[in-house]
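Below is one structure, written out as structure tokens, with a few remarks after it.
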Ligand code: AMP
Ligand code: ZN
């Protein structure tokens, strides 16, 4: 396949996913969670190029030099491509710096940095996307990310968590205050998005997050070996779990309520972010 053919086939695949799973419409206001890495940058570029109404939303986690590079690249990319960029300082919104929160969550709750980061990013992205009037919140999650997450959930005995699989997230989407999350790169591998960025000359930060958990890295390496020897195995894994989604949903409490403390949609009385802040002594529960 020559470069032009690759770009066309990559874009066709993403647009097909958007159509098949009814992820986005051109008249909708789309906010893209933009990290400055390859996936969300490729997604922003592709959506803009195909006439979607997109804005970029970046959560600044302030994890040292890596965060600074991510933001610098994103600012340059958005400027060059005429995309409105909103930057949210996590520390300002949470009342505590992310590195400190990670430290406390590890010592008090035994949580990994990835778990803390995942929880607060979801919370912040939903709140801020709402503020921006978003009808959809698109993220750059790709097939590699999803296969890793599914496998980690299985290995940790957290099978029910796999109810979140699929390009359209969640089991109950029509909830006031919850911006529907979608993943248009769902069936693209990390290598494909990387090549797309390279061919389109997109400025990205190639460095890995300095706080990535060693368990996720191990699962990633292991799945990559399996994929090399059994091409298509990640897709098979994810598709199989997608088939079980309805079955899993029968065993999961799907009703969303509103968090007593912050008012955000949550599956329990107090949302995961508030639980985290409570346990770390950053807010009181009264
Ligand atoms: P990750 O959780 O780093 O695997 O990222 C998955 C997706 O979440 C990315 O493709 C982005 O769409 C979004 N995302 C990750 N980090 C950020 C961030 N700092 N700000 C905004 N969106 C982000
Ligand atoms: Zn809350």
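We did not get these values from a lab; they are worked out from the coordinates using the rules stated. Because the structure is a prediction, the values reported are computed rather than measured. Counting neighbours? That spans all protein chains shown, and the Cβs are built from the backbone with ideal geometry, glycine included.
Structure data summary
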{"quantity": "Extension gain, residue 29 back to residue 106 (0.36 nm per residue minus Cα-Cα distance, nm)", "calculated": "24.0 nm"}
{"quantity": "Share antiparallel - DSSP beta bridges, the chain, percent rounded to 5", "calculated": "15"}
{"quantity": "Equivalent ellipsoid, the stretch 78-231 (semi-axes from 5 times Cα gyration tensor eigenvalues, Å)", "calculated": "24, 23, 18"}
{"quantity": "Mean-position separation - Cα centroids, the stretch 85-122 and the stretch 5-65, in angstrom", "calculated": "24"}
{"quantity": "Relative contact order of the stretch 15-103, pairs being alpha-carbon contacts under 8 Å that are 6 or more residues apart, as %", "calculated": "26"}
{"quantity": "Label point distance in nm, residue 268-residue 86, each placed 7 Å from Cα along Cα→Cβ", "calculated": "2.9"}
{"quantity": "Projected label distance in nm at residue 156 and residue 278, using a 7 Å step from Cα toward the beta-carbon", "calculated": "2.0"}
{"quantity": "Inter-site label distance for residue 191 and residue 226 at 7 Å from Cα along Cβ, in nm", "calculated": "1.7"}
{"quantity": "Pairs of alpha carbons in the chain whose separation is greater than 24 Å (percent)", "calculated": "52"}
